[in-house]
Amino acid sequence: MNSEAHQKVCPEHLQRRAFLYVRQSTMRQVRENIESTQRQYSLRDRALALGWAADQITIIDCDQGQSGSSIAGRKGFQKLVTEVSMNRAGIVMGLEVSRLARNCSDWHRLLEICALTQTLLLDEEGVYDPSHFNDRLLLGLKGTMSEVELHVMRARLRGGLLQKARRGELGGRLPCGLAYGVNGQVELDPDQQVQQSFRYLFATFRRTGSALAVVKAFALEGLKFPRRVWGGTDAGELVWDELVYHRVKWVLKCPRYAGAYCFGRSRIRVLPTGVITRTKTKLSPEQWLSFIPNAHAGYISWEQYQENQKRLEENATQYRCQRQRTPPREGPALIQGIVICGKCGSRMRVQYHQRRGQLYPDYMCSLAASRYGHKRCQHIPGRDIDRAISELLLETVKPLSLEVAMAVQRDLETRLEEVDGLRRQTVQRAQEEAELARRRYMQVDPDNRLVADQLEADWNNKLRTLRRMQEEYERQKEADRQIFTAEQRQKILGLAEEFPKVWNDPDIADRERKRMVRLLLEDVTLHKGDKVIVQVRFKGGALRTLELPLALPFCVAARTKPEVIEEINRLLDEHTYEEIVEILNARGFRSGEGRTFNLSIVARLCKQSGLKSRRERLREAGLLTRIEMARKLKVPPMTIINWRREDRIIGHRSNYKAEFLYEPLSGDAIAKLKKQETK
Ligand SMILES: [Zn+2]
């Protein structure tokens, strides 16, 4: 090998410089894999042996800790390529020459440049001349082999992992609230307080429908939420923190709490270049690598989980646009300020239009129109909606008055009990810890002063914490008790009975009525399609859906009765419009708006109802216009007018302004007329 190596090195190689490229992929390798680094530097001796002088050898080692997978960010390698392509390098040395020659495109390109500039390559195995076919073949083969090796290794490792994951047996870190049992099965955390906290979180979300509301509820009750420490010296320790928004969202989105085993919920893709080298894409449940519902115990069912996801998604669309409620203003629109567009999720505005001195609300979503110049999203007449909501409120509050109030109260009481249980557990925990500290102190040898003092201080601390917690518990309990006095119970019951009376009181201002709506309703979502779908969300979280038919346009809604139209149709055959007006009014008919008839109303009704006009009817009956008549009689048109005035021919007209239409004459009659004229 050595003699062969010497054969490949020619004087023209020795005239140029030798480059030694030293690199480690990660800083950890740089720190720990010193052997490899030493091996890389020792290649320098090989160059000396082959005939290069010490000052001719350049070491490029500024790429330490840079991955070899891409040229990006590797200044040293770029310098190396430049030197080779400028024909200044006689030989390039590196440990990874043959290994990377095939599967790393950067190295492969370097090889091609080496072949063009007749530069030699050297690694631990020997010297290669890329311009020689045999050496190129060898480099290629070695590269392929190392690629295969890598592939097989990865396939074995990852394949085993995936198989295990598909069977649902690939364990891993469990989220707080779940724990491995004795036989390795996943169970709810044996700590009752942890369990209760999770149950309370899910129940609160179910009740309020909002992650932020859960955070608020925990803060209001002064409850903490558990977390297990990951890594470090305290790994596995239970820590109690304030509940924050992103934690609630994380818990709600984690399928493990629904008892589902899943693996591969996101995909990581390596980007070609750039500062961010990889992206993480979240996948939908169908795309998850492994998904086994009901694989282990959970806090909620899978159906409940899916429902929660839907709820979260709906909330998310609502955050995109302005969503805050506006205060109730004057004007009769009942749900002004709490209407949400069912199409885009933004808040809908109210516009009033006046008809005969009365205000009618229209609910409209024009955010997209006013902000981006798009088409107006929705425009829904509000009269029917307001009426329906008013009915719904009366129906919900009145007949069920007592039951509703009692149910609400029961619900509130059970919730208070739940919270109380959680608080009691906190006190219990403090008690146990104090007891433990006491026992430790008792067991210590009194002569061991230092340790005993420390343990005593510890015990005192624990006792102080316990007292603080007990006080806090008593204070909260007292506050809870104050929430429901007998007087307040009576008030709730009274309100349910009073509500319809107050609601229907005409002296109550619109603004007050709207305030009442807001006390009962959270918001109302409107969606106009084939019909108007009204989703009413009550304060307690209950949802009611109403379906209303589309409101008819005013002219249609105020349409004249069909029998009147039928009568007009009949009269039109014989009478002019003036006559019809007189006949209808005389008979006591009224228009849809309740008015007496006039010419324009009759004309409009005919047009809207698609009735044939009087003129059309006369023409159909064969009556002729003046010009047609004049042509037929072969007389000037003026003569026709005169003859009609003299009643020698008969004319009809549709109204007093319209042109006459003439009854056609038989041959004899024409001859008779002409004879009279010539006389
Ligand atoms: Zn909209």
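Would you say VAL182 is out of contact with any Pro (no Cβ under 6 Å at 6 or more places or on another chain), closer than 27 Å to LYS477 by Cβ and of a type in the set (Val, Ile, Thr)?
no
Just for segment 333-347: of the residues that are within 7 Å of the ligand (Cβ to nearest atom) and open to solvent by 10 Å² or more (accessible area, probe 1.4 Å), which one is nearest to VAL532 (Cα to Cα)?
The qualifying residue nearest to VAL532 (Cα to Cα) is LYS343.
Whether any residue in segment 593-601 is open to solvent by less than 80 Å² (accessible area, probe 1.4 Å) and aliphatic (A, V, I, L, M) is what I want to check.
Yes - at least one qualifying residue is present in segment 593-601.
Return the residues of segment 173-200 that are open to solvent by less than 10 Å² (accessible area, probe 1.4 Å) and either farther than 18 Å from ALA258 by Cβ or touching a Ser or Thr at 6+ places or on another chain (Cβ under 9 Å) (or both); say none if nothing qualifies.
Across segment 173-200, the qualifying residue is only GLY177.
Can you name every residue in segment 353-368 that is more than 14 Å from the ligand (Cβ to nearest atom), outside any loop (DSSP other than H, G, I, E, B) and open to solvent by 20 Å² or more (accessible area, probe 1.4 Å)?
Residues satisfying the conditions are HIS353, GLN354, ARG355, GLN358, LEU359, TYR360.
Starting from segment 334-361, keep only residues that are free of Cβ contacts under 8 Å to residues at least 24 places away in the same chain, then list their pairs with residues that are of a type in the set (Asp, Glu) and more than 10 Å from the ligand (Cβ to nearest atom) whose Cβ atoms are within a distance under 8 Å, requiring at least 6 positions of separation or different chains.
These pairs meet every condition: GLN351/ASP362; TYR352/ASP362; HIS353/ASP362.
Residue check: is ILE34 at pLDDT 80 or above and either within 30 Å of VAL148 (Cβ to Cβ) or open to solvent by 40 Å² or more (accessible area, probe 1.4 Å) (or both)?
Against the criterion (at pLDDT 80 or above and either within 30 Å of VAL148 (Cβ to Cβ) or open to solvent by 40 Å² or more (accessible area, probe 1.4 Å) (or both)), ILE34 does not qualify.
Going by the structure shown, is PHE225 modelled with pLDDT of 85 or more and open to solvent by 30 Å² or more (accessible area, probe 1.4 Å)?
So PHE225 fails the test.
Which condition breaks for ASN585 when tested against (1) exposed (fewer than 15 other Cβ atoms within 10 Å of the Cβ); (2) assigned to a loop (DSSP other than H, G, I, E, B)?
(2)
Can you tell me which residue is farthest from the ligand (Cβ to nearest atom) among those in segment 369-378 that are open to solvent by 100 Å² or more (accessible area, probe 1.4 Å) and modelled with pLDDT of 75 or more?
To start, the set of residues in segment 369-378 that are open to solvent by 100 Å² or more (accessible area, probe 1.4 Å) comprises 371-372, 374-376.
So of that shortlist, the ones also modelled with pLDDT of 75 or more come out as 375-376.
Numbers: LYS375: 10, ARG376: 8 Å.
Among them, the one singled out is LYS375.
From THR639, THR625, which residue is open to solvent by less than 80 Å² (accessible area, probe 1.4 Å), modelled with pLDDT of 80 or more, among the polar types (S, T, N, Q) and in contact with a strand residue (DSSP E or B) (Cβ under 9 Å, 6 or more places away or on another chain)?
The match here is THR625.
Checking the structure you have, find out if any residue of segment 334-349 is modelled with pLDDT under 70 and more than 16 Å from LEU546 (Cβ to Cβ).
No: segment 334-349 contains no residue that is modelled with pLDDT under 70 and more than 16 Å from LEU546 (Cβ to Cβ).
Within segment 239-291, take every residue that is of a type in the set (Phe, Trp, Tyr) and more than 21 Å from the chain's Cα centre (by Cα) and give me the one that is modelled with the highest pLDDT.
To start, the set of residues in segment 239-291 that are of a type in the set (Phe, Trp, Tyr) comprises 240, 245, 250, 257, 261, 263, 288, 291.
Going one step further and asking which of them are more than 21 Å from the chain's Cα centre (by Cα), we end up with 240, 257, 261, 263, 291.
On the way: TRP240: 91, TYR257: 94, TYR261: 90, PHE263: 87, PHE291: 88.
Among residues in segment 239-291 that are of a type in the set (Phe, Trp, Tyr) and more than 21 Å from the chain's Cα centre (by Cα), the one modelled with the highest pLDDT is TYR257.
List pairs: first in segment 212-224 and acidic (Asp, Glu), second at pLDDT 90 or above, Cβ under 8 Å, 6+ apart or cross-chain?
Note: no pairs meet the criteria.
For segment 412-471, name all the residues that are of a type in the set (Val, Ile, Thr) and free of Cβ contacts under 8 Å to residues at least 12 places away in the same chain.
Of everything in segment 412-471, those that are of a type in the set (Val, Ile, Thr) and free of Cβ contacts under 8 Å to residues at least 12 places away in the same chain turn out to be THR414, VAL444, VAL451.
The values are calculated or read from the model by the stated rules, or taken from the named source; none is laboratory data. Since this is a predicted model, take the numbers as computed values, not measurements. Here the Cβ is made from the backbone with ideal geometry for all residues, glycine too, and neighbour counts use every protein chain on show. Calculation scope for accessible area: heavy atoms of the full protein, side chains included, ligands and nucleic acids excluded. Shrake-Rupley method; radii C 1.70, N 1.55, O 1.52, S 1.80 Å.
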